[in-house]
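Structure record follows, encoded as structure tokens.
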Amino acid sequence: MDTEYKKKLESLGVYFGSNDSIEFKSKKKLTTIKISGTKKINSLGEYFYIEHQYTTNYIHGSIPFDHFFPPNSFYSTPESDSNFVLNKCIFLDTETTGLATSGGTFAFMVGIGWFEENHFTLRQYFLVTPDQEEAMLLDLENLLSLHQCIVTYNGISFDNPILKSRFKYHRIPTTIGNKDQIDLLKYARMLFHYQFDNRSLKSIESKVLNFTRSEEEIPGYLAPVIYQDYLKTGETQDIIGVFYHNEMDVISLVALLRIINEVSNEKDTHFSTYETLHFSLARQFDRNQDYLKAIDYYSKALDQPNLPDPIRMTCYQCLASIFKKTNQVEKALVFWENASKLGSIESFIELAKIFEHKFKNYELALEYCKKALLLMGNEVNSIKRAVLQEQINYRMERLKAKGRL
């Protein structure tokens, strides 16, 4: 590891232990790079890992690690009614030989982290040779068995299936499938869907954690090629960058979990920083048919002074839809009226339906249809425009006949 980088991390509270080292030759500089770490042997063979300790002095972007201690505190996630204890969680990220979750893909590096009494421990397993995989998996399982929750970023779809397939391939019993899964990608998408276009971990690091990776960073998609090159030549220093990439992935999981817990507990700072956050949560509760919470969060979203008009309009529409479903038509009318003022064609159509069928006011219903037609030119989706126009014209003809207009 680069000396300056090591000194910088040590000043931030990271402790580096070393019992042994492996060497990587560099073709470009013709030097030998040493990685301090630990070689061990278990019943299935030899394995290698490096281990760091992050103390309370460490700060990841804008997230100070002293906030995590003592680590026996309860955490929660949005839309979940259950809590979990932080020191029962294990944070996991893998670097693999490919992007497929089958067909012989395996993890050549597994980064895992967990909280102890006064520090956070990060262990990075590395397969010096692929035949160390069995021994590595056995030691990994020993750690997994001590924890109740696995925290990942897209781990449910990627990391966990790969590891499960490798445990199965080597016939090693594992508890990985029995753990509670906290996939932070799910929550990044849920909370920041309307705030950011890019919700990759690296993007969330920059925009939410205020953390920027150093020049040592190697993009994750290059990791398989770098490992293959290492196996063929043994002469690459880029493996160092993969270690750094994996290390930061795991540490960012810890920091992001803190943010998500604070959102779950409605810390005001985040809701004032991200104006679409209330709306995002409202949409999730709406999908879950938890209408009381959905109404509450839609209402809070509408109180945001800088909420973009398209989202404000959707808030009105969603509230109207909830009140319609719950047979509160008078309340629904208010929100359809508000949405129509922001140019919602669908709200004009809904108003026309209500005044036609409930109030038998065919003249007013016809007026709403006409207003909807005037907005049709703003609809950029030609297929949607054609469908809506046909529906409106059909309704207008019916209203004219009913009301003899």
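Results, tabulated for the structure shown:
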read-out: Qualifying positions in region 330-360 - touching a Phe, Trp or Tyr at 6+ places or on another chain (Cβ under 7 Å) and among the charged types (D, E, K, R); value: K331, E350, E356
read-out: Selection within region 91-113 - surrounded by fewer than 21 Cβ atoms within 10 Å (Cβ to Cβ) and not hydroxyl-bearing (S, T, Y); value: G98, L99, A100, G103, G104, F106
read-out: Any hit, region 102-123, residues being at positive phi, over 21 Å from the mean Cα position of the chain (by Cα) and not hydrophobic (A, V, I, L, M, F, W, C); value: yes
read-out: Index of the failed condition, C369 passing every other in (1) more than 29 Å from Y297 (Cβ to Cβ); (2) assigned to a loop (DSSP other than H, G, I, E, B); value: (2)
read-out: Residues located in region 44-60, provided they are part of a strand (DSSP E or B), more than 17 Å from Y244 (Cβ to Cβ) and aliphatic (A, V, I, L, M); value: I59
read-out: Which listed residue is modelled with pLDDT under 90 and out of contact with any Lys or Arg (no Cβ under 9 Å at 6 or more places or on another chain), from K384, K402, K300, K370; value: K384
read-out: Residues located in region 323-353, provided they are hydrophobic (A, V, I, L, M, F, W, C) and either closer than 12 Å to C369 by Cα or surrounded by fewer than 19 Cβ atoms within 10 Å (Cβ to Cβ) (or both); value: V329, V334, L342, I345, F348, I349, L351, A352
read-out: Residue match in region 33-41 (condition: part of a loop (DSSP other than H, G, I, E, B) and among the hydroxyl-bearing types (S, T, Y)); value: no
read-out: Residues of region 47-90 that turn out to be surrounded by fewer than 16 Cβ atoms within 10 Å (Cβ to Cβ), closer than 20 Å to L144 by Cβ and modelled with pLDDT of 95 or more, as a count; value: 1
read-out: Odd one out for E79 among (1) without any contact (Cβ under 8 Å) to a residue 24 or more places away in the chain; (2) within 25 Å of the chain's Cα centre (by Cα); (3) at positive phi; value: (1)
read-out: Helices (runs of 4 or more DSSP H) contained in region 164-273 and holding at least 1 residues touching a strand residue (DSSP E or B) at 6+ places or on another chain (Cβ under 9 Å), over 25 Å from L86 (Cβ atoms) and assigned by TED's automatic domain parsing to the domain that holds F115; value: 223-233, 239-264
read-out: Pairs where the first residue, in region 267-282, is farther than 17 Å from L256 by Cβ and the second is hydrophobic (A, V, I, L, M, F, W, C) and in a loop (DSSP other than H, G, I, E, B), C-beta under 8 Å, 6+ apart; value: E275/L307; T276/L307; F279/L307
read-out: Residue in region 169-211 that is surrounded by the most Cβ atoms within 10 Å (Cβ to Cβ), counting only those that are among the hydroxyl-bearing types (S, T, Y) and in contact (Cβ under 8 Å) with a residue 60 or more places away in the chain; value: Y187
read-out: Residues that are assigned to a strand (DSSP E or B), farther than 17 Å from K39 by Cα and not β-branched (V, I, T), drawn from region 91-143; value: F91, L92, D93, E95, A107, G113, W114, F115, F120
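The values are calculated or read from the model by the stated rules, or taken from the named source; none is laboratory data. Keep in mind that what you see is a predicted model, and the values were worked out from it rather than measured. Glycine gets a Cβ as well: all are built from the backbone with ideal geometry, and neighbour counts include every protein chain shown.
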